[in-house]
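Each remark here refers to the structure printed beneath this line.
The values are calculated or read from the model by the stated rules, or taken from the named source; none is laboratory data. Note that the structure is predicted; figures quoted are calculated from it, not measured. Every residue, glycine among them, receives a Cβ derived from its backbone with ideal geometry; neighbour counts consider all protein chains shown.
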Amino acid sequence: MISNVQKSSKHQKIGLTSGEGLEFIEIKNILRCEADGKYTSVFLTDGKKLLVSKNLKEFEDLLTEYNFFRTHHSHLVNLDCIKKYQSGRGGYVVMSDGSTITVSQRKKDDFLSSLKKI
């Protein structure tokens, strides 16, 4: 379950149902989301990983307005957590945790436009 974002609080949070129950996570602490079949792995800035039984499209719909971008069919990244962009055919990004995420060739132009807004 992805609950609505809590906008009334000082920090915007999202409620995620994982195997451990319902967890409320500050959106700014989500580093990236990765498709895993019908599930999504949510990687947090503290190194924690949650497996949520919702697809990546649902996260994309909810988080795009919070500076997230879908760089690839299986990756949604927090633009505020990008350390580096390496150009190439599509290129890739290096996240603040050191992970590298592919940017698909067809999303490259939109992605570079999004980076200019940061």
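For this structure, a couple of remarks:
- Failed condition for Ser3, given (1) over 23 Å from Leu112 (Cα atoms); (2) modelled with pLDDT of 95 or more: (2)
- Test: residue in segment 99-108 that is closer than 25 Å to Thr17 by Cβ and either surrounded by 15 or more Cβ atoms within 10 Å (Cβ to Cβ) or within 13 Å of the chain's Cα centre (by Cα) (or both): yes
- Filter result (among the polar types (S, T, N, Q), in contact (Cβ under 8 Å) with a residue 40 or more places away in the chain and more than 24 Å from Gln12 (Cα to Cα)) within segment 44-101: Ser74, Ser99
- When segment 61-78 is filtered for residues that are within 14 Å of Lys107 (Cα to Cα) and either of a type in the set (Lys, Arg) or part of a helix (DSSP H, G or I) (or both), only Arg70 remains.
- Considering segment 18-43, and only residues there that are free of Cβ contacts under 8 Å to residues at least 40 places away in the same chain and aromatic (Phe, Trp, Tyr), the residue that is nearest to Ser104 (Cα to Cα) turns out to be Tyr39.
- Filter result for Ser96 (modelled with pLDDT of 95 or more, of a type in the set (Gly, Ala, Ser) and within 15 Å of the chain's Cα centre (by Cα)): yes
- Some residue of segment 11-29 being over 15 Å from the mean Cα position of the chain (by Cα), of a type in the set (Ser, Thr, Tyr) and either buried (at least 17 other Cβ atoms within 10 Å of the Cβ) or not in a loop (DSSP other than H, G, I, E, B) (or both): yes
- Looking across segment 30-47, the residues that are in a loop (DSSP other than H, G, I, E, B) and modelled with pLDDT under 95 come down to Gly37, Lys38.
- Considering residues of segment 59-79 that are charged (D, E, K, R) and surrounded by fewer than 14 Cβ atoms within 10 Å (Cβ to Cβ) only, the residue nearest to Thr17 (Cα to Cα): Asp61
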